[in-house]
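Asker: Quick one: the structure is below, and I'll ask about it shortly.
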Amino acid sequence: TDNWCVSVEPGVTSFDLQKEAYARGFRVNAAEPAATVCGNIVCTGTFSTWSNVYGTAADGFIDMEFIDRKGRIFHLNDKNAPNVFAFDHAVIPSPGVCTKAVVKLQPVTADEEGILVPFADFEGAVRFARDLSQRRIALALAVLGGHYISTFLSPSQELSEKIKHVMPEVLGVKYLVFAVADAHGRAAIKNIAGAVIDSGLFRTLMLGLPRLADNEVVDIVRGSEGRTLPYEILCQPETRPVVEVILQPSPETIAGSVDEDLRDFYTRLYARPEMTDMVWLNMFRIVSARMSRRKHMFAFLVYVPLDKIEVINHIIAEFGRIARAQGIDHDYGFLTPLDFGKRAILEYDYYIDHTDPAEKKKIADAMVTIGPWLDG
């Protein structure tokens, strides 16, 4: 801990590493809970909402140990090690098998909390996220779309489908800028944005999600229709007591959205404070499995210039066009700033039933188009 690093061997999962780091007052930039740490560094470089400040790829580790194809052990810090950092636009063989990674431990402050900033349009959300990144205000940072928002919030697929319509149609929320920041950072975000969903309101909305899905707050948010956006009313401090009365947030309320034989379990689960803690949920990425509960997910990841919204819009539109041409379920995933707002990593998701040969053919046909298009 004195050197803010941890040695990780193959087989250690992101969840287990994060638990050990967190118990010592640190965190790591981790992948999904079941993903092994060494495997994810080698496979994707490890990225997350925390990549806004922690970076990705070589930003996350100090050294790595490999055994090459002739059985020789080498470290990336060795002067004669293969240069795995050089770029060549080609498929190249692995330099060997990773047997250890020395991963960076990141400091944690006691006053970190999550905050959400609602937006009715994508361009406004992207500009705001880039501004926060350039100002070095937030730690974790991402622009989330309606699909991600509803899926991650909801413990059931049925509730997710309802929330996906309620957020834009009732609340006027099409995108959310998610951030984790300390008290000073959150004050700055509130000052810049105005309407925000703080950790308290987030907990209310999450535990009262079934009643939110049933349009229980529609009369409140439409009370000032024409003068302000619905979510701005929802975010006003004076509205909070009324929202709590209507939504009746509790572990029992959200557990009511799952099958009856699961309700006792979900009541106990949501009684745990971490299940409504944005920092904890994003640090351990514990609800990521919800993304593929309906269909298998193909996540396409593209690095984009964050100052060129027309390029980002074009890429999103083309992913959508290709998916529609093949009849594939699809949706925008998220966008996370990197390099202090210079660029971002964009995820766009395709969903198929991998047990259906016809669906498998759809994704195969789509890949024929996607590969050359992305290269171009």
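Asker: Over all directions, how big on average is the projection of the convex hull of the alpha-carbon atoms in segment 266-321, in square nanometres?
Answerer: 6.1 nm²
Asker: Another question, then. Please give the per residue accessible area of segment 141-271, computed with a probe of 1.4 Å over protein heavy atoms only, in Å².
Answerer: Per-residue value: 45 Å².
Asker: Further question: Find how much the distance from H354 to S199 grows on full extension, using 0.36 nm per residue of separation minus their present alpha carbon separation; answer in nm with one decimal.
Answerer: In short, 52.1 nm is gained.
Asker: Just the Cα atoms of segment 13-73, one point each, no solvent: what log10 I(q)/I(0) does Debye give at q = 0.20 Å⁻¹?
Answerer: -0.79
Asker: Moving to a separate point now. Given the C-alpha centroids of segment 24-72 and segment 90-141, what is the distance between them in whole angstrom?
Answerer: Each part reduced to its Cα centre gives a spacing of 14 Å.
Asker: OK, next. Give the peptides 108-118, 169-179, 67-77 in descending order of average Cβ contacts within 10 Å, highest first.
Answerer: Peptide ranking by packing, descending: 169-179, 108-118, 67-77.
Asker: Something else now. In units of 2.2 N^0.38 Å, what is the alpha-carbon radius of gyration of segment 137-275?
Answerer: Working it through for segment 137-275, the quotient is 1.05.
Asker: Based on Cα coordinates alone, diagonalise the gyration tensor for segment 275-376, multiply each eigenvalue by 5, take square roots, and list the semi-axes in whole Å, largest first.
Answerer: Over the Cα atoms of segment 275-376, the semi-axes work out to 25, 22, 9 Å.
Asker: To two decimal places, what compactness ratio does segment 173-255 give when its Cα radius of gyration is scaled by 2.2 N^0.38 Å?
Answerer: 1.13
Asker: How much mean residue ellipticity at 222 nm does the chain get from its helices, if each DSSP H run of length 4 or more adds -39500 (n - 2.57) and you divide by all residues, to the nearest 500 deg cm²/dmol?
Answerer: -11500 deg cm²/dmol
Asker: Where only protein heavy atoms count, and the probe is 1.4 Å, what is the accessible area per residue for segment 26-77 in Å²?
Answerer: 43 Å²
Asker: In segment 128-187, if every C-alpha pair distance is counted and binned at 10 Å from zero, what percent goes to each bin?
Answerer: Bin by bin from 0 Å, the calculated values are 22, 40, 29, 9.
Asker: A further question follows. Enumerate the calculated ³J(HN,Hα) couplings along segment 199-215 in order (Karplus 6.51 cos²θ - 1.76 cosθ + 1.60, θ = phi - 60°), each rounded to whole Hz, writing x wherever the residue is Gly or Pro.
Answerer: For segment 199-215, the Karplus curve yields 5, x, 5, 4, 4, 4, 5, 5, 6, x, 4, x, 6, 5, 5, 8, 6 Hz.
Asker: Tell me, what ³J(HN,Hα) does each residue in segment 109-126 have, in order and in whole Hz, if you take phi through Karplus 6.51 cos²θ - 1.76 cosθ + 1.60 with θ = phi - 60° and put x for Gly and Pro?
Answerer: In residue order, the calculated couplings are 9, 6, 10, 6, 9, x, 8, 10, 10, x, 9, 8, 9, 5, 4, x, 5, 5 Hz.
Asker: Apply the Karplus parameterisation 6.51 cos²θ - 1.76 cosθ + 1.60, with θ equal to phi minus 60°, to every residue of segment 58-71 and state each ³J(HN,Hα) to the nearest whole Hz, in sequence, with x for glycine and proline.
Answerer: Along segment 58-71, the couplings run 5, 5, x, 9, 9, 7, 9, 10, 10, 10, 7, 5, 9, x Hz.
Asker: Just add up the charged neighbours of Q157: K/R +1, D/E -1, any other residue whose Cβ is under 11 Å from the Cβ of Q157.
Answerer: Once all neighbours under 11 Å are counted, the net charge is +4.
Asker: To continue, here is another question. So, how do all the Cα-to-Cα distances of the chain break down into 20 Å bins, in percent, from 0 on up?
Answerer: 26, 58, 16, 1
Asker: Leaving ligands and nucleic acids out of the surface, order C43, C235 by accessible area at 1.4 Å, largest first.
Answerer: C43, C235
Asker: Counting only C-alpha contacts under 8 Å and six or more residues apart, can you give the relative contact order of the chain as a whole percent?
Answerer: 17 percent.
Asker: Need the C-alpha centroid separation for segment 243-277 versus segment 330-376, integer Å.
Answerer: Each part reduced to its Cα centre gives a spacing of 33 Å.
Asker: Considering all projection directions equally, how large on average is the shadow of the alpha-carbon convex hull of segment 6-130, in square nanometres?
Answerer: So the Cα hull casts an average projection of 10.3 nm².
Asker: Sticking with this one: Taking all protein chains in place and a 1.4 Å probe, what share, in percent, of the accessible surface of the chain do carbon and sulfur account for?
Answerer: 53 percent
Asker: Less than 29 Å apart at the alpha-carbon level, and either on another chain or at least 8 residues along: which lysines does that give for K162?
Answerer: Within reach: K174, K190, K295, K360, K362.
The values are calculated or read from the model by the stated rules, or taken from the named source; none is laboratory data. The structure presented is a predicted model; accordingly, all values stated were derived computationally and were not measured. Glycine also receives a Cβ, built like all others from the backbone with ideal geometry; neighbour counts cover every protein chain displayed. Just so you know, the surface numbers come from the protein's heavy atoms only, side chains and all, with ligands and any DNA or RNA stripped out. Shrake-Rupley method; radii C 1.70, N 1.55, O 1.52, S 1.80 Å.
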